[in-house]
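Structure first, commentary second.
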Amino acid sequence: MTAPGPARSADRLLAIDVGTQSVRALLFDPRGALLAGSRIPIEPYVSPQPGWAEQDPEVYWAAMGAACAALRDQPAGRPIEAIAGLALTTQRGTVVVTDRAGRPLRPAMVWLDQRRTYGLPPLGGLTGLAFRALRVRDTVAAFQADAEANWIAHHEPTVWAAAERYGLLSAFLSTRLVGRWVDADACQVGYLPFDFRRRRWAADGDWRWRVAPIRREQLPDLVPSGEPLGSLTPAAADHLGLPAGLPVMAAAADKACEVLGSGALDPSVAALSYGTAATVNTTHRRYVEAVPLVPPYPAAVPGAYSLEIQVYRGYWLVEWFKRQFGDREVARAAAAGTSPEALFDELLEATTPGAMGLLLQPTWTPGVRVPGPEAKGAVIGFSDVHTRAHLYRAILEGLAYALREGLERSERRSGVRAAEVRVAGGGSRSRGALQLTADIFGRPAARPHTDEAAGLGAAIVAAYGLGLHRDAETAVREMTRVGESRDPEPDAVAIYEELYQRVYRRLYPALRPLYEDVRRITGHPPRP
């Protein structure tokens, strides 16, 4: 690989990463070097009622303007004329409803929203009978209950009657950028009538149109990753402080971009994301469902799929731990000008693999099939020897166990074993977490050369789309590289292997009947 050199005229790539807790504007060169970056914190969501997660869509648009302004204030962020194109990546599954002019009719329903619509009639006819025979009726019922369109139509019928446009946050922001109702096909991760196999809206008559009241004319036009969404309008250019007419390229959702930015372009490399939602992804050129009727997501490159297993509230557990038990690290970090999470490695150093028998099962949020709708989390093995340091280690170990189990499920379905794992997201900054991951997976673990893997992935898509690199494979080869890496330590591997095989994998099946009894007795989680 050639070393990064000075940028040529108009060969810089601007990635805007709209996450759950912040909006970033990131400037990369064609070799994947981060030249400049800015971060604008945002309130993740407001919760008018328990379980709700909403945000004004204008918050994201305003933060994009502020992030670009902060980028321009940096010497490395100029001149803006050197920017060849822009790519947007956003949090997944956040729904925005607008009128025809693009004005929001209600707050965005953020992906963390837990509202469900109960009492909907099940899918009937031959399709319903077929789903019953295939034992996937509950999966379809969960899709119905979780679909935001059903909740809005039933609880806010006036809003739904006025809804001319229904789409994801990526569509709302892309439309603000280019002036037409459009989105990248690889952003469609949510309860939408989307054909994941063909990466387009489902055909007429498909069952997905029958389980939610969405109309085709409400949905945006879809553009394949790497192709132009359009050009930056004068109004958007003024808001962002960028040249009007700048090419805006279709990229992908943040997890898909993160996988690409990690260099995981084929199934031999598994991409772990230690973010608010912890995930493990492998990229495949053929369509594979890890769980029947639960599709793989669109990858950030055309013709590819991202086979994903998710721990819904993954590194949210670390944030929870920080709030409940991390006061001293928070205080020390504030005084030292660092992050509390950077100091949590001391807690790992104070404990040993296995956390002296404390083990955590991180299924805090019910799922569709694995885990099921009755799922709850568990911590077992607690005794008087345990401290908050053991609990912190047990949290990280439990998340790694869950992601390993997910990867093994994907490997069985695809027939391909990953030789190594790449770790991105906030949790990847911890050396202790990286070593722990290598030990639990029993494979080398590395993190990308930049902490901004999602933004880098978006820049990679823009680079090959704009012709700065010949194709996606070349762009990934030239723009990604391994940063820190860790090999498994044999003694730790032996301990984790026994705990994983003999305890962790048996834990959910053993507790599932009890979870079902708790659900029956308490009514939580509710049934569709």
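The values are calculated or read from the model by the stated rules, or taken from the named source; none is laboratory data. For clarity, every value in this text was computed on a predicted model and none was experimentally measured. Positions of Cβ are generated from backbone atoms using ideal geometry, with glycine treated the same way; all protein chains shown enter the neighbour counts. The accessibility values were calculated without ligands, DNA or RNA, using every heavy atom of the protein model including side chains. Shrake-Rupley method; radii C 1.70, N 1.55, O 1.52, S 1.80 Å.
For the reader, a short list of remarks on this structure follows.
- Here the dipole of the chain is about 1100 debye; that uses its Cα centre as origin and unit charges on the Cβ of Lys and Arg (positive) and Asp and Glu (negative).
- Amide H partners (placed H, <5 Å) of residue 35, local residues excluded: 27, 28, 29
- Overall dimensions of the range 441-528 as given by Cα atoms, namely Rg and Dmax in Å: 22.2, 60
- Among 283, 524, 354 - extreme Cα towards positive end, dipole of the chain, charges at beta-carbon: 524
- Accessible-area order (highest first, 1.4 angstrom probe) of the listed residues 339, 273: 339, 273
- Given +1 at the Cβ of Lys and Arg, -1 at the Cβ of Asp and Glu and no other charges, the dipole of the range 136-280 around its Cα centre is 240 debye to the nearest 20.
- Annotation: amide H-H contacts under 5 Å for residue 195 (H modelled 1.01 Å from N, sequence separation of 5 or more, or interchain): 200, 201, 202.
- Extension gain, residue 331 back to residue 356 (0.36 nm per residue minus Cα-Cα distance, nm): 6.2 nm
- For the pair the range 51-111 / the range 149-228, the C-alpha centres are spaced 18 Å from each other.
- Shape call, the range 240-361: gyration tensor on alpha carbons, a/c limit 1.5: oblate
- Check: the range 14-73 dipole with +1 on Lys, Arg Cβ and -1 on Asp, Glu Cβ, in debye: 280 debye
- The range 342-402, accessible surface, carbon-and-sulfur percent (1.4 angstrom probe): 61 percent
- Contour excess over end-to-end distance, with Cα ends at residue 409 and residue 487 and 0.36 nm allotted per residue: 25.8 nm
- Projecting the Cα atoms of 371, 248, 425 onto the dipole axis of the chain, where Lys and Arg carry +1 and Asp and Glu carry -1 at the beta carbon, places 371 farthest toward the positive end.
- In the range 167-267, a dipole from Cβ-located charges (positive for Lys and Arg, negative for Asp and Glu) runs towards its positive end, and of 187, 231, 212 it is 212 whose Cα lies farthest in that direction.
- From the alpha carbon centroid of the range 270-288 to that of the range 382-398 is 27 Å.
- Using θ = phi - 60° and Karplus 6.51 cos²θ - 1.76 cosθ + 1.60, couplings along the range 232-244 (whole Hz; Gly, Pro as x): 4, 6, x, 5, 5, 4, 5, 5, 8, x, 10, x, 4
- Entry comment: accessible area of the chain is 40 Å² per residue, from protein heavy atoms only and a probe of 1.4 Å.
- Percent of Cα pairs in the chain per distance bin of 20 Å, from zero to the largest separation: 22, 57, 21, 0.
- Applied to the range 476-484, the Karplus parametrisation 6.51 cos²θ - 1.76 cosθ + 1.60 on θ = phi - 60° returns per-residue 3J(HN,Hα) values of 5, 4, 7, 10, 10, 7, 7, x, 6 Hz, with x for Gly and Pro.
- Model label sites at residue 120 and residue 158, defined 7 Å from Cα along the beta-carbon direction, differ in position by 2.4 nm.
- Cα shape, the range 40-115, gyration tensor, a/c 1.5 rule: prolate
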